[in-house]
1. Would you mind telling me the share, in percent, of accessible area of the stretch 129-238 contributed by carbon and sulfur at probe 1.4 angstrom?
2. Would you mind checking which residues have amide H under 5 Å from Thr158's amide H? H placed 1.01 Å from N; only 5 or more apart, or other chain.
3. Could you sort Asp329, Asp313, Asp58 by accessible area so the largest value comes first, with the probe set to 1.4 Å?
4. Report the paramagnetic label zone for Ser129: residues of the stretch 68-103 whose backbone N is under 13 Å from a point 7 Å from Cα along the Cα-to-Cβ axis.
5. Accessible area per residue, 1.4 Å probe, Å², for the chain: what's the number?
6. What are the residues whose amide H is under 5 Å from the amide H of Thr255, where those residues sit 5 or more places off or on another chain and H is modelled from the backbone?
7. Only Cα pairs within less than 10 Å get springs; with that Gaussian network setup on the chain, which residue of Val120, Val195, Val44 has the largest fluctuation?
8. How large is the accessible surface of Glu190 in square angstrom, using a 1.4 angstrom probe and rounding to the nearest 10?
Amino acid sequence: MEIKDLGEFGLINQLTKNIKPINPSTIKGVGDDAAVLQYNKKEVLVSSQIFMEGVQFDLTYIDMEHLAYKTAMIVMSNIFAMNGHPRQIIVSLGLSKRFKVEDIELFYTGLKKAYEKWSVDIVGGDTTSSYTGLAINLTCIGEAQKEDIVYRSGAQETDLICVSGDLGSAYMGLQILEREKTVYYQQIEEYNNKVKDAQRTNDKARLEALRKERSSFDDFQPDFAGKEYLIDRQLKPEARGDILQLLKEANIHPTSMIDISDGLASEIKHICENSHCGCRIYEKNIPIDYQTAATCEEFNMNLTTAALNGGEDYELLFTVPIGDHEKIDKIDGIRQIGYITKESLGAYLITRDGNEFEIQAQGWTLNRN
């Protein structure tokens, strides 16, 4: 169905007719000029992100449902990184004419899966036309007790630096997707050149054979064998709200925290700059999955560089007092990777052979896919 057949308000009604608030703080959600929220004796956390087709995502290798799930997890990750809990979401979309109502319904299916996982309400948004493809803006509203909020600015000298999960896997998943995309378009280009040659010589038999061959491109299957974990980490990341629960159960309150969107190097530099401190990260302690290591070797890429600068892992990087060392050691899925130093000592990586190199943040560029 064409979006123009429904109109803007018809589309909104179609997408939100089954959305019912579940949080007590949501007084009024979708259906009026503004949402009405009520927070009693809690701090309100707000995070907003924009995602542009061709910059943050490529619809060649991600469908609308997975795209919605991914972007939802990304914006919720920002709230978790403050040691808060996401409660509401506002969704705004810029749509070009190539999108159908069914495409947007798939997008909302992905949103629903993401927000049901963390009990978040969709409370509003907007749609508009776009001349540059798909544009997505998500604003997530969360809550936290004032004393529970964790900033980037709280790290102290001798604090331990910890990270959840593993690093570099999402970046290597992207490399695989980009490789398969290149293979696909090379095949298309070769096919088009064959068609042009057959048309130039008026070879009807060859043209007929090529017409039958064209269907094979519709059945193109990328080679992801043995790399499924990396693909999932790129296309279906998970916000690590579970880590907050584990820390709470262990009676650990981080002194600083940030989520890893632009790479470990970039994020630890943010903590150091905001906390006016230095750090030492041990290369040997950076958690890396075996699929990531194997794929780095396959692509002839440096494993540590992928982990430091790859980005899009959406794991939590945080610091804790040194006295929490034994508590942290007992929690599965969290690794101590270094410690905080004086600001004058700078931010350095200690390599496996004991050398020190200054950490350089290279994770984010304006034209990055």
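The values are calculated or read from the model by the stated rules, or taken from the named source; none is laboratory data. Because the structure is a prediction, the values reported are computed rather than measured. FYI the Cβ positions are ideal-geometry reconstructions off the backbone, even for glycines, and counts take in every protein chain you see. Surface accessibility is based on the protein's heavy atoms, side chains included, excluding ligands, DNA and RNA. Shrake-Rupley method; radii C 1.70, N 1.55, O 1.52, S 1.80 Å.
1. 46 percent
2. The answer is Ile340, Thr341.
3. From most accessible down to least: Asp329, Asp58, Asp313.
4. Residues passing the 13 Å test: 95-98.
5. 51 Å²
6. For Thr255, the qualifying residues are Thr319, Val320.
7. Maximum among the listed residues: Val195.
8. 110 Å²
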